[in-house]
Amino acid sequence: MLELLPPPPTDPLWDLTYEFGSDERAERLNLVLGVYRDPSGRTPVMAAVREAEIRLAERSESKEYRGLSGNAAFNRALLAMVLGPGAEADRAAAVQTVAGSGALRLLADLICRTRPGTTVWISDPAYVNHRPILEAAGLRVRTYGWCDDEGGFDSAGVLADLARAGRDDVVLLQGCCHNPTGADPSREDWAALAELAVRHGWVPFVDLAYHGLGDGLEADLWATRHLAARVPEMLIAVSCSKNFGLYSDRTGCAIVLGASDRSVRHAETALQNAARTLYSMPPEHGAAVVTTVLEDEGLTALWRAELDAMRGRIEANRSELTALLGAHGHEGPARSLARQRGMFSMLPLTSQEMLRLRREHAIYGTTAGRINIAGIPADRIPCLARGIAAVLGT
Ligand code: PLP
């Protein structure tokens with residue numbers, strides 16, 4: 001049977017990561033994957049997470065099944081974190097998922113079960129897995145633009161594109177720290193997007209993967225909360241991979257907001273049914289860790305301080321790279337970089353130039369030009385700036 005399988009496509013980001021793994025140059029620099037690294041290049045376990053794990057190990061008594069929605073306390077804690085304590089509580093439901101990707105997939109299944117063949121609009125460029133997840137669930141995908149010529153958010157262009165989305169459509173928006181561009185809408189832009197959603201009737205589907213790593217936790221959740229307060233229905237995919245550093249524990253949550261209690265309960269059951277046929281129930285460990293942190297004032301304060309420190313390091317990396325690119329005479333790219341937020345930035349380099357960066361300078365970003373700003377060890381920023389400047393031509 002397997003002889004019949006044609007060669008399947010491989011994952012472009014992981015292909016580059018494997019290529020990096022076999023690169024023997026001492027100066028090699030991996031800026032491909034979206035993981036936070038500390039100044040020495042490690043991706044540490046956060047202290048609040050470590051403490052929660054110790055407490056859990058000490059009181060662990062049973063690993064019995066948790067139920068179809070996973071860990072109920074986790075779902076409550078994430079609802080309160082994302083929407084604000086008590087906000088929208090009477091018209092929201094949450095189901096624990098296998099990380100942000102699992103939330104995207106379950107919500108895509110929910111859309112398909114509700115209205116097969118629905119069109120979901122995604123940004124161009126988008127997170128590399130948005131289209132594959134939506135299409136695998138049986139949805140149609142259309143795109144709207146995202147950036148202007150200077151690497152910032154293209155307000156007029158996005159509003160014009162999304163004015164073509166209709167009442168039966170869903171629009172996938174990243175709530176903050178847009179991957180791959182780092183270009184985010186302003187609050188005025190978000191307000192205009194919310195008005196457009198209300199006027200045209202499309203359903204916002206917010207993907208939250210980097211909250212806390214842009215302008216701070218509350219500021220990064222502002223857009224999601226603003227949309228939630230304005231629109232009758234909304235879907236939210238939440239990842240705890242980046243802001244709790246729980247990448248391999250696969251921890252996340254799918255949230256639905258509906259106009260009536262009945263529709264929300266139906267949506268919750270449909271999400272449970274979708275999970276049941278994919279993996280039955282999500283793994284407990286990461287959810288138990290997040291719940292332990294968020295239910296304890298001291299651990300929450302520690303986690304928030306660590307998150308702020310991570311954000312501060314990303315900002316410091318971004319400003320140093322901006323200053324060095326400016327000093328190399330590349331004012332345009334420096335200006336774009338300075339306007340962007342969060343873990344990523346898109347370099348104004350062609351795929352050929354990204355290849356040269358990899359071949360000639362051992363610097364690995366994605367072929368499309370994305371680099372992980374959080375992945376640059378403190379002492380390597382000058383060499384990154386020199387590599388980019390060399391490829392850009394000075
Ligand atoms: N959404 C966006 C925008 C992402 O960048 C990512 C991961 O990089 C995800 C969702 C999925 O994250 P995970 O499944 O690791 O939680």
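Evaluate E = 1/(1 + (r/R0)^6) for residue 269 and residue 56, where r is the Cβ-Cβ distance and R0 equals 30 Å; express this FRET efficiency to the nearest 0.05.
Working: r = 29 Å, r/R0 = 0.98.
Given R0 = 30 Å and the Cβ-Cβ separation, E is 0.55.
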Q: Taking the Cβ of each residue in 189, 308 as the centre, tally the other Cβ atoms inside 10 Å and list the residues starting with the fewest.
A: 308, 189
Q.
Just to be sure I understand the model, the point goes 7 Å from the Cα along the line to the Cβ. What's the resulting residue 63 to residue 301 distance in nm?
A. 3.5 nm
Q: Would you please give the residues with an amide H less than 5 Å from that of residue 147, counting only those at least 5 places away or on a separate chain, with H modeled from the backbone geometry?
A: 154
Q) Where does each of 65-73, 361-369 land if you order them by average Cβ count within 10 Å, highest first? A) 361-369, 65-73
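Ranking request for peptides 48-60, 241-253, 274-286: highest mean number of other beta-carbon atoms within 10 Å first, then the rest in descending order.
241-253, 274-286, 48-60
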Q. In the chain, what % of DSSP beta bridges are antiparallel (nearest 5)?
A. 45 percent
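Based on DSSP H assignment, which helices of the chain show an axial Cα extent of at least 30 Å together with a mean Kyte-Doolittle hydropathy greater than or equal to 0.0?
none
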Q) So how far apart, in nm, are the two label points at residue 188 and residue 76 if each is 7 Å from Cα heading toward Cβ? A) 4.2 nm
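For 303, 121, which order do you get if you count the other beta carbons within 10 Å of each Cβ and list the fewest first?
Values: 303 25, 121 22.
Listing 303, 121 from fewest to most nearby Cβ atoms yields 121, 303.
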Q) Roughly what would the spin-label model give for residue 259 and residue 335, points 7 Å off Cα along C-beta, in nm? A) 4.5 nm
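Grab the Cα-Cα distance for residue 13 and residue 143, subtract it from 0.36 nm times how many residues apart they are, and report the gain in nm with one decimal. Provide the component values of the computation, followed by the final result.
Working: separation 130, 0.36 × 130 = 46.80 nm, distance 2.11 nm.
Full extension from residue 13 to residue 143 adds 44.7 nm.
Return 213, 5 ranked ascending by Cβ neighbour count within 10 Å, so the fewest neighbours appear first. Walk me through the intermediate numbers first.
On the way: 213 26, 5 7.
Least to most surrounded, the residues fall as 5, 213.
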Q.
Using a Förster radius of 51 Å, what is the FRET efficiency between residue 195 and residue 248 based on their Cβ-Cβ separation? Nearest 0.05, please.
A. 0.80
Q.
If you filter the range 79-158 for GluC sites (Glu not before Pro), then keep DSSP loop positions with at most 15 other Cβ within 10 Å, what is left?
A. 150
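Read-outs: derived from the displayed coordinates by stated rules, not from any lab. Model, not experiment: these values are computed from the prediction. Virtual Cβ from ideal backbone geometry, glycine too; neighbours counted across all protein chains shown.
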